[in-house]
Amino acid sequence: MTRRICYVTGTRADFGLMLTSLLAIQAHPALNLELMVTGMHLSVAHGHTVKEILDAGLPIRAEIPVPLDPTTGATMARNLGRMVMTFVDEWDANRPDLVLLLGDRGEMLAGAIAAIHLNLPVVHVHGGERSGTVDEPVRHAISKLSHCHFAATAASRDRLIRMGEHPDSVWVTGAPGLDGLAQLASLSRAELCEEQMLDADRPVALMVFHPVLQEAAQAAEAIRLILDSLRDQGSQVVALMPNSDAGSGPIREILQRRNGRDGVHVLKHLARRRFASWMAQCDVMIGNSSAGIIEAATFGTPVLNLGSRQNLRERNANTVDAPLERHSILLALKVLLNKGRLPPTNVYGDGQTAARIADLLAGLKLTPELMMKTNAY
């Protein structure tokens, strides 16, 4: 009998990171995959990225729309409740064998809350990491509600064990977003620049900047500062719209006003192939996305990480941190652009995570003892 795996997805980001692993699960003879799709995937304003799930040929069990406006912490909290109720109704009526979750977003927390109350085993990918802001406590909350853990690094595994997770339930699989990443980045700089009408001979910055819940009131000031600094430094900018978290509204408004001015080109969404290609071909990546911390090192791309969103996360050698302050940003940009690309080494894994995840999911012993979760100390 095949084991039914239900994965929760709410954003282009988590789906892109997990796509290779989801395809490996779908192809595994002992596994049967289904997806619960919610959040930004179902929003036209955020690219209606449910299309990418359908294009990948992955089976959608249910679509759970939630309101994304106004972009406040209250909306995020209310949506947790909406998603919990829908997940419970779906899984109570037709139980999967295992719920698979990634990272630190509210959709994943809702899935963990629903699953553990239905006595469904939960596997959490990318637990044990530090990042500051609201993401860190949400990530650790998901870990404490999960029964098994697929950590990206040895340090993350050690942290999960120190948090009380049983060592026999924590594996180092590597980061799933690295699988096939170098091969996916197949578009040349000339092709990418021509698509956006950019000068391939001038510096290009890839910017991905998301709001921080605790600093939502400063989001507009932060995005203006970054764009002004890149203009003064002389870079062209390919900017991605932010996620839907609290504070994203002002960021979106400013990006829309700057689009087409001062070399700024704003995109609602980039398919995974184009996003990987831009990471491989840009002169610098700037912002506060985990893609800069984790994935960009596969290409040796210089990364300027700004502010607190990725605070305390493990760094690769290609990353420089700076506060949201003009002089510091300009100085760091100068250093990174002068240094250029680094050797493509990555502490987050070897790009072979998908097979490990699929094999582990097929072989996990889902015993009553596993479900009776307690701290290991």
In this structure, the FRET efficiency calculated for R82 and Q218 from their beta-carbon separation, with R0 = 25 Å, to the nearest 0.05, is 0.35
Taking a straight Cα-to-Cα line shorter than 16 Å from K373, and setting aside same-chain lysines fewer than 8 residues away, one finds K144, K365
Treating only Lys and Arg (+1) and Asp and Glu (-1) as charged, each at its beta carbon, one finds that segment 318-377 has a dipole about its Cα centre, in Debye to the nearest 20, of 220 debye
Extend 7 Å from the Cα of H48 along its Cα-to-C-beta direction; within segment 261-284, residues with backbone N under 19 Å of that point are 267-272
If each part is reduced to its alpha-carbon centroid, segment 345-371 and segment 45-88 end up apart, in Å, by 26 Å
Contour minus Cα-Cα span, D89 to A74, at 0.36 nm per residue, comes to 3.1 nm
Hits in segment 133-159: amide N under 14 Å from the 7 Å Cα→Cβ extension of R315, namely none
Given all pairs of distinct Cα atoms, segment 1-119 yields a Kirkwood Rh in Å of 14.5 Å
Any DSSP H helix in the chain with Cα axial reach of 27 Å or more and mean Kyte-Doolittle score of at least -0.5? Listed by number, the hits are 73-93
Kirkwood radius from Cα pairs of the chain plugged into Stokes-Einstein at 25 °C, 0.890 mPa s, gives D in µm²/s equal to 117 µm²/s
For the pair R273 and L187, the simple spin-label estimate (label points 7 Å beyond Cα toward Cβ) gives in nm 0.9 nm
Rounded to one decimal in nm, the spacing of the 7 Å Cα→Cβ label points at Q352 and M372 is 3.8 nm
Whole-number value, in Å³ per residue, for the convex hull of the alpha carbons of segment 211-325 is 101 Å³
Computed, not fitted: 222 nm per-residue ellipticity of the chain from DSSP H runs ≥ 4 (each -39500 (n - 2.57)), nearest 500, equal to -12000 deg cm²/dmol
FRET efficiency (N259, L331; Cβ distance; R0 22 Å; to 0.05) is 0.20
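Since every read-out is calculated from the coordinates, none of them should be taken as a lab result. Quantities reported herein were computed from a predicted structural model and do not represent experimental measurements. Neighbour counts are summed over all protein chains in view; Cβ atoms, including those assigned to glycine, are modelled from backbone coordinates with ideal geometry.
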